1. I'd like the full set of residues that are over 18 Å from Leu100 (Cβ atoms) and hydrophobic (A, V, I, L, M, F, W, C), limited to region 250-290.
2. Restricting the search to region 124-139, which residues are charged (D, E, K, R) and touching a Lys or Arg at 6+ places or on another chain (Cβ under 9 Å)?
3. Scan region 162-181 for residues that are surrounded by fewer than 20 Cβ atoms within 10 Å (Cβ to Cβ) and more than 22 Å from Pro58 (Cβ to Cβ) and jot them down.
4. Just the residues that are in contact with a Lys or Arg (Cβ under 8 Å, 6 or more places away or on another chain), assigned to a loop (DSSP other than H, G, I, E, B) and either free of Cβ contacts under 8 Å to residues at least 12 places away in the same chain or over 18 Å from Tyr64 (Cα atoms) (or both), please, taken from region 107-123.
5. Based on this model, can you work out whether Gly473 counts as crowded, with 20+ Cβ neighbours inside 10 Å and at negative phi?
6. What's the number of the condition Val355 fails, among (1) in contact with a His (Cβ under 6 Å, 6 or more places away or on another chain); (2) within 17 Å of Trp50 (Cβ to Cβ); (3) of a type outside the set (Phe, Trp, Tyr)?
7. Checking the structure you have, find out if any residue of region 421-436 is within 20 Å of Val332 (Cα to Cα) and among the acidic types (Asp, Glu).
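The values are calculated or read from the model by the stated rules, or taken from the named source; none is laboratory data. Because the structure is a prediction, the values reported are computed rather than measured. Glycine gets a Cβ as well: all are built from the backbone with ideal geometry, and neighbour counts include every protein chain shown.
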Amino acid sequence: MADGEWWRHGVLYQVYPRSFADSDGDGVGDLRGITARLGHLADLGVDGVWLSPFYPSPGVDFGYDVSDHTAVDPLLGTLADADALLAEAHRLGLRVLVDLVPNHTSDQHPWFLASRSSRDDPKRDWYVWADPAPGGGPPNNWISSFPAVGPAWTLDAATGQYYGHAFTPQQPDLNWWNPEVRDAMDGVLRFWLDRGVDGFRIDVAHRLGKDRDLADNPPELAGARKYAWHPTLRQRNLNTAEGHAILRRFRRVVDAAGPGRVLLGEAVVTRPEELARYLEPGELHLAFDFAFTYAPWDAAAVRAAVEATAAALPPGGWPTLTLSNHDIARIVSRLGRAQARTAAVLLLTLRGTPVLYYGDELGMADVEVPPELARDPDGRDPQRTPMRWSPGPGAGFTTGTPWLPVGDGADGVDVASQAADPRSMLALHRRLLALRRATPALQRGSYRPVDAPDGVYAYLREDGADRILVALGFTARSADVAVPEGAMLLLSSDPDRAGGPLPALRLGAHEGVVVRLPS
């Protein structure tokens, strides 16, 4: 565990705790369940796990409305369970990142209960409070990120002021201009660092540090819910200069805890130049490249996204790549099963740090959730359904009634069904991760695009004499890709294609291959 920059060559695996493994039969995943299943991650070949929030929460936004940043939700376990999880992960050689939710808290957090109690309370200024606009109504034109919510303001009738919230009214925004808030969140970071976590994934990092005067957003950008770019105008509640200063402060706290600790940011920005600002020296180690995540499944579009980010990165900057998460529909549901196999080759061979979403290694798809069982305020339940460990009722996730449906389980998309099947999606991921771990060019090598037919994205990864060609077919057409004499096929997304000497390369429909080239 001594590698201070393990995050450059490592692979992370995201766990949504409520949906990974249930140890007590109540239908909700928990920390003991995760601990019991860490062997799956070690066998898979990942280097670390990122845990979505497990803190006490009323559950309005399922963990992202935090009521205590330094405790564990009793439904999910105890601090002792968190310590045991960390110990077992480290025994297995796995790093652990936990979610940090610094933009807001739950409206049931003691800080907000005090803040709301009176205009004179010492914690009043810990949150974003403002008088109504002249003539009444919200203080400005900011809107919530959740379409069903509307304005990013709620009137507190008892005190006569509005409080701001980027998401639901039950998630009031903290006032990061208050130095006491900064000190308190530093304390949260140190609490978890002292318990042994290896870093943090920072929720909505782009939302910190809102305009101090609460000025309106420009009319051209007023309706943008996440982030909109304009050549001369900026939103006042997103992607601010002060937000970057806050992140640099987080970095100082993490660096002081010793080498190997990492900050991974969720910065939802639309231009590579904006993403690059989050990766300047002294700020985040890693930040998700959402231009890559949301790129159309098209060879030219994906290549353009990869190369635009690479060109914009500051010295030492490093890409972070993912294809699914708790907010985004699963890759199988977006693209199809054959395409998802090729996407796995893409994700695990590009230059950068890949992040796998739990169940994607099996090819799990979104599960239809009937309206009467829906839980999430923004409709993201289908991609948050329980991990499928085995066939049958409960899918090996629980002995009780799962909190969200697990699907019918008749398609073989579960760990037990795929573990011994060399043709399975799980076998493909294991091979890819083992190949990546054994191949310097795939861990730290340079990237260079290679000319290829339309519909094919091909690139070289090189580290000294170690030369790897990756060719990815994005269409149902076959295509010929030039390879030199002595090329060796190491892996194909097509389970019927064996490795070995490769005198010529014809890609099949939706096929991705990894080829070793002679030095």
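1. Those that are over 18 Å from Leu100 (Cβ atoms) and hydrophobic (A, V, I, L, M, F, W, C): Val269, Leu275, Ala276, Phe290.
2. Residue satisfying the conditions is Arg124 alone.
3. Trp177, Asn178, Pro179, Glu180 - these are the residues of region 162-181 that are surrounded by fewer than 20 Cβ atoms within 10 Å (Cβ to Cβ) and more than 22 Å from Pro58 (Cβ to Cβ).
4. Ser118
5. Yes, satisfied.
6. (1)
7. Within region 421-436, one or more residues are within 20 Å of Val332 (Cα to Cα) and among the acidic types (Asp, Glu).
Each row is one residue, and each column tells you yes or no for (1) touching a helix residue (DSSP H, G or I) at 6+ places or on another chain (Cβ under 7 Å); (2) touching a residue at least 24 places away in the same chain (Cβ under 8 Å); (3) crowded, with 20+ Cβ neighbours inside 10 Å; (4) polar (S, T, N, Q).
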site: Thr70; (1), (2), (3), (4): yes, yes, no, yes
site: Asp81; (1), (2), (3), (4): yes, yes, no, no
site: Val101; (1), (2), (3), (4): no, yes, yes, no
site: Thr105; (1), (2), (3), (4): yes, yes, yes, yes
site: Val128; (1), (2), (3), (4): no, yes, yes, no
site: Ala133; (1), (2), (3), (4): no, no, no, no
site: Pro147; (1), (2), (3), (4): no, yes, no, no
